[in-house]
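Q: Before I ask anything, here is the structure I am working with.
The values are calculated or read from the model by the stated rules, or taken from the named source; none is laboratory data. Only a predicted model underlies this, so the values are computations on that prediction, with no experimental measurement involved. Heads up, the Cβs are rebuilt from the backbone with ideal geometry, glycines too, and the neighbour counts pull from every protein chain shown.
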Ligand SMILES: [Cu+2]
Ligand SMILES: [Zn+2]
């Protein structure tokens, strides 16, 4: 059974009522192009019907770590997403930096890559601050409970998107670093190399939400 979709902001403008558009105007290609541009401007950005609203990332350990887990992403507005999930096999009580990286791969290597920075801030920073002043990919750290499980619940991560725009995290790597995040030091908050990594993969649109996302709500 599919649960009702959450309330979400109106993304696609319908502020130009069809009744006010003369039908003969719609037969002229130039008029149609102008109307399309107007609608796109009203909406703030053009929205493509096939753009995903849901995504997942399956994280697996790298560099000898055996961490694993799944993160689920949901678009909840223009350039903001909700992130939920769980990571297992962590050291009980330990905190780990969690970042979205620019790279679209999880190849094991020495360097951890770069935190996703669509605003070109060039700075690592605390995740509760304006995403324009830091890497938008700087997420709150994950702290393991006594069972070594780290729960991830980020209701609003701003400056990130599942859609095809400059904030897009689709296909990029989610990285759990080996150490804690000082939320200050560039490039990775002094968190060391990669301990787990997974690629963000599209799972469905608002019209066809994946059943696997039911437990988000
Ligand atoms: Cu990082
Ligand atoms: Zn960063």
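Q: Of the numbered conditions (1) more than 23 Å from residue 65 (Cα to Cα); (2) within 16 Å of ligand 1 (Cβ to nearest atom); (3) in contact with a strand residue (DSSP E or B) (Cβ under 6 Å, 6 or more places away or on another chain), residue 202 fails exactly one; give the number of that condition.
A: (2)
Q: Among the residues of the range 157-202, which ones are within 15 Å of residue 137 (Cα to Cα), away from ligand 2 (no atom under 16 Å from the Cβ), in contact (Cβ under 8 Å) with a residue 12 or more places away in the chain and not in a loop (DSSP other than H, G, I, E, B)?
A: The answer is 161, 198, 199, 200.
Q: Further, regarding this structure: How about the range 115-140: which of its residues are in contact (Cβ under 8 Å) with a residue 24 or more places away in the chain, more than 15 Å from the chain's Cα centre (by Cα) and surrounded by 22 or more Cβ atoms within 10 Å (Cβ to Cβ)?
A: Selection gives 124 alone.
Yes or no, residue by residue, for (1) at pLDDT below 90; (2) closer than 17 Å to residue 171 by Cβ; (3) surrounded by 15 or more Cβ atoms within 10 Å (Cβ to Cβ); (4) out of contact with any helix residue (DSSP H, G or I) (no Cβ under 6 Å at 6 or more places or on another chain):
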site: 39; (1), (2), (3), (4): yes, no, yes, yes
site: 42; (1), (2), (3), (4): yes, no, no, yes
site: 47; (1), (2), (3), (4): yes, no, yes, yes
site: 51; (1), (2), (3), (4): yes, yes, yes, yes
site: 69; (1), (2), (3), (4): no, no, yes, yes
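Q: I'm trying to understand the selection: among the residues of the range 148-180, which are within 14 Å of residue 68 (Cα to Cα) and surrounded by fewer than 15 Cβ atoms within 10 Å (Cβ to Cβ)?
A: Within the range 148-180, just 151 meets the criteria.
Q: Just give me the residues in the range 84-101 being more than 16 Å from ligand 1 (Cβ to nearest atom), part of a strand (DSSP E or B) and closer than 10 Å to residue 143 by Cβ, in sequence order.
A: none
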